[in-house]
Amino acid sequence: MDSKNHWRSRQVLSWALYDWANSAFATTVMAGFFPLFFKQYWAADLDTGNSTFLLGSFNAFASLVVVLLAPLLGAIADRGNARKRFLRYFAMMGVVMTGALYLVAAGGWMMALMLYAMAVIGFSCSNIFYDALLPEVARESELDLVSSIGFGLGYLGGGILFAFNVWMTLDPAFFGLADAAEAVKSSFLMVAIWWALFTIPVLLFVPESPATGGSGWLESVRAGVGQLRATFSKLKLLRQTGLFLAAYWLYIDGVDTIIRMAVDYGLSLGFDSNGLIVALLITQFVGFPAAILFGKLGERFGPRQGIFVAIGIYLVIILWAYQMDQVWEFYLLAVAVGLVQGGIQALSRSFYVRLIPRDKPAEFFGFYNMLGKFAAVLGPLMMGMVSLLTGSPRLSMLSVAVLFVAGALLLKQVDEVAGRAQARLLEE
């Protein structure tokens, strides 16, 4: 390997390691221990319907904050050459808030929810700038595979730390911990350290294109606001990009809702918490090779076709989850989710890169994350409300299928060739 290719490989690995870094939060905290610990430790005195509603509501609040911030932050970062700077700030916000969960005592459900919401905001906003760095490390022919490598490493890294954290909870005495509750709280602290440590490579080794605006903060903000206004005025030229974003808004809502509410759903059906944790581990380790496989699928048949395959599998998963009553079925569904979760995320990201102006990646990934997180306002809130109104967690899960069907119908209308041509018109 020549020195140029070696340097590019280091850039790709350094970029992908941020997925390895922050997926520890997505897995151990967001999908795993937080909903479980919230119900059984911080909100033990609340009934199941109320705790589900609170968790869904605070997930929705965090997503709404991202909705409001994302486009403007992306525009400012593009104009001020500040994508890595914003990534660092929001990653550290997530790290600090996650570590602070260690300090919340039993019964402190409000403080736990506030810290969790702030950590989710840090996690989500940092991903805007991480995603926007993808075109810096991958040629167009490599987008599907490099995007999938990021998600694949995320599943592997998140799964490794989560497996270790689960071991801590099963045998706390071995680690010198008093009980499982102390082990879970220590896991939040470990996630914060892991997240901070593996963020360093992307900040050191990933390049960033020169600024298109001023280097000062005030000048960058002014230029970013002006750029955002100009882009809104030209959005009518990006019909295909808009169609894709609307489709993504709907189907990724279903994906995020399943990620965030799966453990809560299993608990509501009466499944043992240890079995649910094992199911999450299955998802992580299946997700690593499956994400890479979907990257290859995208290279061979195109990312849109791969997304359709994943949506179809998700619909089968939801229908099965609606009627399941045995924990072994939850394990089997965990395998199915692992097969498609990383793939649909990776191919959505690489497909979107093809439909946006190449000189404004952070700004347009601001829109991308805005709609993705706005969708996550609807999904968890919808599940919480259906559960609260009907008392049926099964109906709340079934309602998520509507989002996948609507997303697929819109995605069918997207013309990639026309979308590329429209995006070139907005390049300076």
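Remark: relative contact order (region 311-403) = 35 percent; criterion is Cα-Cα distance under 8 angstrom and separation of 6 or more residues. The GNM of the chain, with springs linking C-alpha atoms under 10 angstrom apart, assigns the highest mean-square fluctuation among 321, 418, 163 to 418. Against the chain, whose longest principal axis is taken from its Cα atoms, helix 361-390 shows a tilt of about 30°.
Within region 111-128, whose backbone N sits under 18 Å from a point 7 Å along Cα→Cβ of residue 164? Residues passing the 18 Å test: none. Taking 200, 76, 282 as the candidate residues, the one with maximal mean-square fluctuation in a Gaussian network model of the chain, Cα springs under 10 Å, is 200. Computed per residue of the chain from DSSP H runs no shorter than four, each worth -39500 (n - 2.57), the mean residue ellipticity at 222 nm is -27000 deg cm²/dmol.
Semi-axis lengths, largest first, of the ellipsoid equivalent to region 340-423 are 31, 14, 10 Å, with √(5λ) applied to each eigenvalue of the Cα gyration tensor. Across region 106-128, the residues whose backbone nitrogen lies under 17 Å from the label position 7 Å along the beta-carbon direction of residue 189 are 106. Taking all protein chains into account, the per residue accessible area for the chain stands at 38 Å² (1.4 Å probe).
According to the calculation over all Cα-Cα pairs in region 145-211, the P(r) per 10 Å bin from zero is 18, 37, 26, 14, 4, 1 %. Taking the protein heavy atoms of region 283-347 in the context of the full set of protein chains, the accessible area attributed to carbon and sulfur is 70 percent at 1.4 Å. Residue order by solvent-accessible surface for 118, 30, 111 is 111, 118, 30, largest first, with ligands and nucleic acids left out and a 1.4 Å probe. Relative contact order of region 115-186, taken over Cα pairs closer than 8 Å and 6 or more residues apart, is 15 percent.
Taking label positions 7 Å along the Cα-Cβ direction at both residue 182 and residue 269, the computed distance is 3.5 nm, reported to one decimal.
If you scale each eigenvalue of the Cα gyration tensor by 5 and take the root, what three semi-axes come out for region 1-145, rounded to whole angstrom and sorted largest first? Walk me through the numbers before you get to the answer.
Details: eigenvalues 241, 55, 31 Å².
Working from the Cα gyration tensor, I get semi-axes of 35, 17, 13 Å.
Report the GluC sites (Glu not before Pro) located in region 289-392 that are in a DSSP loop and have at most 15 other Cβ atoms inside 10 Å of their Cβ, or state none. Qualifying residues, ordered by number: none.
Which whole-number percentage describes the relative contact order of the chain, with Cα contacts under 8 Å and a sequence gap of 6 or more?
It rounds to 29 percent for the chain.
Loop-resident trypsin sites (Lys or Arg not before Pro) (DSSP state other than H, G, I, E or B) in region 81-175 with no more than 11 further Cβ atoms inside 10 Å of their Cβ: 139. Give the Debye-formula value of log10 I(q)/I(0) at each listed q (0.13, 0.16, 0.17 Å⁻¹), with one equal scatterer per alpha carbon of region 66-213, two decimals each. Values returned for q = 0.13, 0.16, 0.17 Å⁻¹ are -0.69, -0.96, -1.04. The modelled label-to-label distance between residue 416 and residue 395, using points 7 Å beyond Cα along the C-beta direction, is 4.1 nm.
Computed from backbone phi, the HN-Hα couplings of region 307-324 come to 5, 4, 4, 5, 4, x, 5, 4, 5, 4, 4, 5, 4, 5, 4, 4, 9, 5 Hz, rounded to whole numbers (Karplus: 6.51 cos²θ - 1.76 cosθ + 1.60, θ = phi - 60°; Gly and Pro given as x).
Computed extension gain for residue 331 through residue 359, at 0.36 nm per residue and net of the alpha carbon distance, reaches 5.7 nm. Take the convex hull of the alpha carbons in the chain; its mean projected area over all directions comes to 19.9 nm². In the elastic network of the chain, a GNM with C-alpha springs shorter than 10 Å, the most mobile of 150, 56, 242 is 242. 3J(HN,Hα) along region 401-418: 4, 4, 5, 5, 5, 5, x, 5, 5, 6, 4, 4, 8, 7, 10, 5, 4, 5 Hz, from the Karplus curve 6.51 cos²θ - 1.76 cosθ + 1.60 with θ = phi - 60°, whole Hz, x for Gly and Pro. Taking amide H as placed 1.01 Å from N in the peptide plane, residue 46 has no amide H partner under 5 Å among residues 5 or more places away or on another chain.
The values are calculated or read from the model by the stated rules, or taken from the named source; none is laboratory data. These numbers come from a predicted model, not from an experiment. Methodologically, a virtual Cβ is constructed for each residue, glycine included, from the backbone with ideal geometry; neighbour enumeration extends over all protein chains shown. The protein model used for the area step is the full one, side chains on, heavy atoms only, and it has no ligands, DNA or RNA in it. Shrake-Rupley method; radii C 1.70, N 1.55, O 1.52, S 1.80 Å.
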